[in-house]
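Asker: The structure that follows is given in the form of structure tokens.
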Amino acid sequence: MTEQHADVIVIGSGIGGLTVASLMAQLAHKRVLVLERHFKLGGFTHSFSRPGNRSWDVGLHYVGEVENGSMARDIFDLITQQQVQWQKMDSPFEKFVYPDMTLEVPDEEEAYQAALMEMFPHEVDAIRTFFADVRTARKWLQVYTLIQLMPKRVGPLLRVVFRGKEKLALSLTGTYLKRRCRDPRLRAILASQWGNYGLPPSKSAFLIHAAIVGHYLNGGYYPVGGASTIANSIASVIEKYGGRCLVNHTVTDILLKDGKAIGVKALAGSGTRAEEVVYYAPVIVSAAGAYTTLCKLLPPCVAGLLAKEVERLSQDSFSAVTVYLALKDSPKTVGLTAANHWLFSSMDHDDMYRRAEQILDGRPAYCFLSFPSLRNPQATSHTAEIIAPLPYHVVAQWRERPWKRRGEDYEALKRRVAETLLSFVEAYVPGFKSLVDAWEVSTPLTIETFTGHRFGAMYGLPATPERYCLSGLRVQTPVPNVYLTGADVISPGIVGAMMGGVTTAAHLMGINGFYRIMTAAKHLK
Ligand SMILES: Cc1cc2nc3c(=O)[nH]c(=O)nc-3n(C[C@H](O)[C@H](O)[C@H](O)COP(=O)(O)OP(=O)(O)OC[C@H]3O[C@@H](n4cnc5c(N)ncnc54)[C@H](O)[C@@H]3O)c2cc1C
């Protein structure tokens, strides 16, 4: 067993963990050690490729709010030291396709509102109010972020001061939409993007829906070269500042002494050749998710009631299958554009969420279709991805079997899912199937295997109103020296998890931490 020391240990190399690591290395001059269980860095920002220059991203299709001068862009530029370029998607950048209606979403709020008003002239007031409420709910998310930075006792006070906004932010999306819109078709259209956080309107807090709607009001962007350019750039910055990022390092325990964390135990390597290693640091930041951190890495009972609540919440996590397609030619040859396509089988999003399993009977509820090669100016061959919801329990029976050796029955399920989804898309885009050269399928088990996220959770803890009322769910965990970061701190999404990273780093840097980060980001150019 080997032992080593660092100033800050970061568990997990998703965008949340890498953000903290980059900021602590650059601005706080800490020796940072990032430990990642996967054989590649990046978490959901990693990409994989196959012969023929085909590549796909596992958890990034489009990112909003990275236009020049935006806060998110400034922070991306800081943590990557301006090594990532962003390609704006053409407008319309999304298409919501229902059996009886289609909306193409322009990359500008006024035009989006105008398109909605043209479609629903009898709901003009509701549409205006919706966009105003989106802004209000997003402001509450900023308050929630502030609460993370304040001493624990200040949180309840801030919540009282902003209780008007909180009431709106923590109402259920479905309840909100029913109250505001008379026309069920408008309700359906306005709820279309729920797949970006994985909860249907009857379960999600309006604030997360508002966060996503607001996030994409000025369109979508894609990192030139693919998602892995983000992780690779940040890793190079961490190393430049004396830090290290180690793959194939699965943290198994957070080590405590006198009730405080002092280091971690990890398995380096895999299989029979895995070796136990111990690393010490006075600060342990976990980007591995709240459930893994509180319920798996810390000894039982240490995180107390919070661990129990997180355990319960995590049971409702969302997961999906992804079909990665290698195409013979450009999707444009069959009339497609680079826009994301949300193909819905009905207007009832809650019903579609419940019917996710029907994909196994050849009746998918909905799918999300995206074309990385049409967004990436560096792509030299064409690819596409189809994502559809799939509950974890459908694949749970293969859990104990090793990756790539899960057996013919599992492979048959993947084939069935791929064929079903291809036929579903073909019905909307005739000729699409004939473009397909090869495909691969990932399931919730794939996600669980690689990231360790319970039930193959794609978006961390479900963004229910209840989650945002858990006062103990904070950057600073109940265990001294252990901090959370990433999607479970504020919200899922690339920018959401990155802001989780900023919040954690700001907390660690002390009273003016946030100011220091923002000043460094602003003065980069
Ligand atoms: C299919 C899919 C599509 C998506 N599309 C988009 C999109 O288009 N736009 C968008 O903004 N967001 C999208 N998201 C969401 C976004 O990718 C995530 O919310 C975000 O990347 C989460 O970042 P994170 O750092 O919190 O977690 P992760 O990226 O999950 O990182 C956690 C890391 O911790 C590691 N880890 C876990 N346990 C351990 C351990 N014990 N020891 C060491 N390492 C450990 C994991 O391997 C992983 O690398 C998508 C997600 C998925 C799954």
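Asker: Using just the helices of the chain, give the 222 nm mean residue ellipticity in deg cm²/dmol: DSSP H runs with n ≥ 4 each add -39,500 (n - 2.57), and the total is spread over all residues, rounded to 500. Mind dumping the intermediate values first?
Answerer: Working: 18 runs with 192 residues, N = 525.
Mean residue ellipticity, 222 nm, calculated: -11000 deg cm²/dmol.
Asker: Sticking with this one: Only Lys, Arg, Asp and Glu count, each charged at its Cβ (+1, +1, -1, -1), so figure out the dipole size of region 316-451 about its Cα centre, rounded to 20 debye.
Answerer: It works out to roughly 320 debye.
Asker: Quote to one decimal, in nm, the extra length available between Trp403 and Met117 on full extension: 0.36 nm per residue of separation minus the C-alpha distance between them.
Answerer: Fully extending the segment from Trp403 to Met117 adds 98.0 nm.
Asker: Is the shape of region 43-189 best called rounded, prolate or oblate, per the rule: a/c under 1.5 gives rounded, else a/b larger than b/c gives prolate, else oblate, with a ≥ b ≥ c the square roots of the Cα gyration tensor eigenvalues?
Answerer: Oblate is the answer for region 43-189, as a/c is 1.5 or above yet b/c matches or exceeds a/b.
Asker: Sticking with this structure for a sec: Hey, which of these cross-link pairs are over 28 Å Cα-Cα: Lys30/Lys260; Lys139/Lys257; Lys139/Lys332; Lys332/Lys522?
Answerer: Pairs exceeding 28 Å: Lys139/Lys257; Lys139/Lys332; Lys332/Lys522.
Asker: Moving on to the next point. Which value, in Å² and to the nearest 10, is the accessible area of Cys469 when all protein chains are kept and the probe is 1.4 Å?
Answerer: 80 Å²
Asker: Assuming 0.36 nm per residue, please report the length gained on full extension of the stretch Asp183 to Glu104 beyond their Cα-Cα distance.
Answerer: 26.6 nm
Asker: Right, something else. Provide the FRET efficiency to the nearest 0.05 for the Glu239-Val160 pair, computing r from the beta carbons and using R0 = 51 Å.
Answerer: On the way: r = 45 Å, r/R0 = 0.89.
Here the calculated transfer efficiency is 0.65.
Asker: Among Ser47, Val32, Val66, whose Cα sits farthest toward the positive end of the charge dipole of region 28-68 (+1 at Cβ of Lys/Arg, -1 at Cβ of Asp/Glu, about the Cα centre)?
Answerer: Among Ser47, Val32, Val66, the one farthest towards the positive end of the dipole of region 28-68 is Val32.
Asker: How large is ³J(HN,Hα) for each residue in region 258-268, as worked out from phi by the Karplus curve 6.51 cos²θ - 1.76 cosθ + 1.60 (θ = phi - 60°), to whole Hz, x for Gly and Pro?
Answerer: Coupling constants for region 258-268: 6, x, 10, 6, 10, x, 9, 10, 9, 9, 9 Hz.
Asker: Taking the Cα-to-Cβ direction at Asn53 and at Lys260 and moving 7 Å from each Cα, how far apart do the two end points lie in nm?
Answerer: Taking the two extended label points, one gets 5.5 nm.
Asker: Here is a follow-up. Over region 316-451, give the accessible area per residue in Å² for a 1.4 Å probe, as an integer.
Answerer: On a per-residue basis, region 316-451 sits at 41 Å².
Asker: Which one, Ile447, Pro377, Val395, is farthest towards the positive end of the dipole of region 316-451 when Lys and Arg carry +1 and Asp and Glu -1 on their Cβ?
Answerer: Projecting each Cα onto the dipole axis, the largest value belongs to Pro377.
Asker: Something else: Roughly speaking, to the nearest percent, how much of region 111-205's 1.4 Å accessible area is carbon and sulfur?
Answerer: 58 percent
Asker: Translational D (Stokes-Einstein, µm²/s) of region 316-451 at 25 °C and 0.890 mPa s when Rh comes from the Kirkwood sum over C-alpha pairs?
Answerer: Here the translational diffusion coefficient equals 158 µm²/s.
Asker: Separation between the Glu440 and Ala412 pseudo-spin-labels, each 7 Å from Cα along Cα→Cβ, expressed in nm?
Answerer: Distance between the two pseudo-spin positions: 2.4 nm.
Asker: What ranking of Arg399, Arg54, Arg179, Arg415 comes out by heavy-atom accessible area, probe 1.4 Å, highest first?
Answerer: Order by accessible area, largest first: Arg179, Arg399, Arg415, Arg54.
Asker: Rounded to the nearest 5, what % of DSSP beta bridges with both residues in the chain are antiparallel?
Answerer: Within the chain, antiparallel bridges account for around 70 percent of the total.
Asker: Further, regarding this structure: Got the relative contact order for region 111-205 handy, in percent, Cα pairs under 8 Å and 6 or more residues apart? Before the final figure, lay out each step's value.
Answerer: On the way: 60 pairs, mean separation 26.9, N = 95.
Computed over region 111-205, the figure is 28 percent.
Asker: What spacing in nm lies between the two simple spin-label points modelled at Arg153 and Asn248, each 7 Å away from Cα in the Cβ direction?
Answerer: 5.1 nm
Asker: Test of understanding: what is the full-extension gain from Cys469 to Glu357, defined as 0.36 nm times their sequence separation minus their Cα-Cα distance?
Answerer: Additional length available on full extension: 37.3 nm.
Asker: Karplus couplings for region 285-293 from phi (6.51 cos²θ - 1.76 cosθ + 1.60, θ = phi - 60°), rounded to Hz, Gly and Pro as x?
Answerer: Residue by residue, region 285-293 yields 9, 10, 10, 8, x, 5, 4, 4, 5 Hz.
Asker: Could you give me the ³J(HN,Hα) list for region 475-487, computed from phi with Karplus coefficients 6.51, -1.76, 1.60 and θ = phi - 60°, whole Hz, x at Gly and Pro?
Answerer: 3, 7, 6, x, 9, x, 6, 10, 10, 9, 8, x, 4
The values are calculated or read from the model by the stated rules, or taken from the named source; none is laboratory data. Because the structure is predicted, anything quoted here is derived from the model rather than measured. Note that each Cβ is placed from the backbone with ideal geometry, even for glycine, and that neighbours are counted across all protein chains shown. Keep in mind that these areas ignore ligands, DNA and RNA; they rest on the heavy atoms of the full protein, side chains included. Shrake-Rupley method; radii C 1.70, N 1.55, O 1.52, S 1.80 Å.
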